[in-house]
């Protein structure tokens, strides 16, 4: 089995070089790292000229800036590997677990695998057993990209669909292309599994700097609301009607903490009121989108319980 570690990157040469030198150990023999530089201001010359002892590092530089999501899709198109492990340029690969992960993939012929991921000692993603991912677990399994494993031949079947949604302005696909790909796989009943292995350690964990077309940060309340609205439309398009209610409920529940954050109850109501007046209602009235109005009703019903 041919597996590559794929790292999309932009303007973080020093961070990436630090991470690569940390994992350039004997356990990394036979591991290929493909770096997809999204036309950074830096030429990544330090990495290109660095003499790695064990790692097989291949640096690819895009001629134009594709953007975060399109760079991930481009990497899946261009890699020659059978499987790819997605990694961030500021996180550390747990190299000695890569070969263990390969054994799981070979045993069950998985199309997608979601390993364990921890942040500050708390489990952020995954389950402690090897099992099938249920449809409603899609956000738990894929919202954090580093460490996710895709079977390339399967993922390529859905790249155009996700790319078209990005071009049409789908906010969710623009910030979570890996989840959109996995949703299409689940809808087609591909073999998507959890594996009880940790493949990434949180490194610098810097803010991504990703912004919406209006200039707002992608984690702002208004941006999150648009992402949820787009996610609901994606679910309705990808899944059969009998799955809609369960999947839409899963989407709403997964986005509730993102929309309001971890706050005392009184602060939640204050934030909800401010955002309702300044962001949500303004968006509804500006676009007169019935689906977005329904989204507002769902949010209000959720926090009114």
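Residues in the range 215-241 that are surrounded by fewer than 18 Cβ atoms within 10 Å (Cβ to Cβ) and closer than 26 Å to residue 188 by Cβ were compared, and the one that is modelled with the lowest pLDDT is 241.
When the range 53-66 is limited to residues that are modelled with pLDDT of 90 or more and touching a helix residue (DSSP H, G or I) at 6+ places or on another chain (Cβ under 8 Å), the one that is nearest to residue 2 (Cα to Cα) turns out to be 57. Within the range 127-142, take every residue that is more than 13 Å from residue 196 (Cα to Cα) and free of Cβ contacts under 8 Å to residues at least 60 places away in the same chain and give me the one that is surrounded by the most Cβ atoms within 10 Å (Cβ to Cβ). Here the answer is 142.
The values are calculated or read from the model by the stated rules, or taken from the named source; none is laboratory data. Everything numeric here is computed off the predicted structure, so don't read it as measured data. Don't worry about glycine lacking a Cβ; one is built from the backbone with ideal geometry, like all the others, and counts go over all protein chains shown.
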